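The values are calculated or read from the model by the stated rules, or taken from the named source; none is laboratory data. Bear in mind that the values here come from a model prediction, so they are computed numbers and not experimental data. Positions of Cβ are backbone-derived with ideal geometry, glycine not excepted, and every protein chain shown enters the neighbour counts. What goes into the accessible areas is simple: the full protein's heavy atoms, side chains included, and nothing from ligands, DNA or RNA. Shrake-Rupley method; radii C 1.70, N 1.55, O 1.52, S 1.80 Å.
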Amino acid sequence: MALLGNSNESPEEAQRKFRTEFSAKVHDEVESIEFAELRADGGVYQDLNLKSYRTSVWGLVVFCRKSIWYYVAEQESYLSFFMKGAGKTEERLVCLSGLSDIAFFLPQKGFFQTLLNPELARTVNGSYTNLAGVRREFALILNRKAGDVFHRLAGQDAGATGGTDNATADNAASAGGPAGNADGSTAVRQPGGQPQNGTDTRPFRQATDDPFSAYYLPSGIGRFDAQMRFIAEIDKMTHILRQTLLIDGSRRENDAEHSWHLAVMAQLLAEYAKDAPDISRAVKMVTVHDLIEIYAGDTYAYDEEGAKSKQEREAKAADRLFGILPSDQGSEIRALWEEFDRRETADARYAACLDCLQPFFHNTLTLGHSWLDHGTKKSQVLERQSIIRDNMPSIWPWLVKNVNNAVQQGWLVDA
């Protein structure tokens, strides 16, 4: 996609073309576009996969009907003139509304602050939680006053993003993040999203890293309390974002959604397995197979560097997580997780097939999104999917057909 059209296109034609191409890429209709400079530290660039050596990068905030994106075109800074490769930014798409616990707020500003720093009037601050559970902050510097744009980012303009609730200040505040008022102050929100203005008497839950310890009332039954702590802990799966997009393209899916999808698939696709699996055991396996990523994080399937430490990270995470449960249940769930990883039984091989098939299927319906992001090769995909060739052979021709189409479409590297 190009921010600027060619010399034969008018600005209106170029923008219309960009909107059409962008809408097709993210499977969502573009409603409006704002130029904005993203300012952040290196940690944010690493989280968002924005390859930049600078503390800022220019791009577009793209408001779609169901989602909000930050688009960066391929560009180079002036440093590239002196240093080969310095400051170069590749084309990137970041789904802002899909970031975990995303919140937008206006900076505190008075008359004199704005007088001394006029940029404040054009600034919207944002924060989110990354995969490691670290809260990150960034700023968007707009080319006009921030008020209207802030309302859309924070979800205060009803219906502005087609009813999406992924980027609303209400959601962020109910998760413990900051929210903003139009006057630039930071609002304190009730769990339902209403400002605390004296007319709402519902209690406000303060942000805490451990809500269970802060608010849980013990039952006096040690086993039950341990089980409930584990249940609270695995809620963190909803914050572990995967590389795969949801099929509608609106944002990245999380681990909980992935596991749920596999659990349903396990009940539907057993007839294609070469060795008949025990469906109930397969469902249990896919439900627990990624729980350890709460602490270990998600390792992308084709991340060779991440794979080097994956086993050690996941073993430590298993010790920590399954140790919360009563010993009999902790041992049972760990045994299922280990069986899944070894792929030695019919149940484990079937579950592993589904774990490979689901993100593959998503990529075919999201125009190869995560493949393109990582420059994935055809040979890598075929190697990873070979477990399907060996254990669900009847669907292998369909899979190869999709791989070949992905190469033709330019989603996979033909190598």
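Protein heavy-atom surface of the range 290-415, 1.4 angstrom probe: 48% of the accessible area is carbon and sulfur, with nucleic acids and ligands not counted.
So, for the range 279-415, what is the accessible surface per residue at a probe of 1.4 Å, expressed in square angstrom? So the range 279-415 comes to 46 Å² accessible per residue, rounded to a whole number. Rg and Dmax over the alpha-carbon atoms of the range 279-415 stand at 16.3, 52 Å. The modelled label-to-label distance between ASN49 and TRP396, using points 7 Å beyond Cα along the C-beta direction, is 3.0 nm. Near ASP298: Cβ cut-off under 9 Å, other residues only, Lys/Arg at +1 and Asp/Glu at -1. The net charge is -2.
Counting 0.36 nm for each residue step from LEU217 to GLU344 and taking away their Cα separation leaves a gain of 41.5 nm.
Counting Lys +1, Arg +1, Asp -1, Glu -1, what net charge surrounds SER67 among other residues with beta carbon under 9 Å of its beta carbon? Intermediate results must be reported in sequence, preceding the final value.
Numbers: positive: ARG65, LYS66, ARG251; negative: ASP28, ASP248.
With Lys, Arg at +1 and Asp, Glu at -1, the neighbours total +1.
Using only the Cα atoms of the range 206-271, build the gyration tensor, take square roots of its eigenvalues as a ≥ b ≥ c, and label the shape rounded, prolate or oblate: rounded if a/c is under 1.5, else prolate if a/b is larger than b/c, else oblate.
The shape class here is oblate.
Extension gain, LEU268 to ASP328, is 18.6 nm, computed as 0.36 nm per intervening residue step minus the present C-alpha separation.
Amide hydrogen proximity for LEU245: with H placed 1.01 Å from N in the peptide plane, the residues at 5 or more positions away or on another chain lying under 5 Å are GLU253, SER370.
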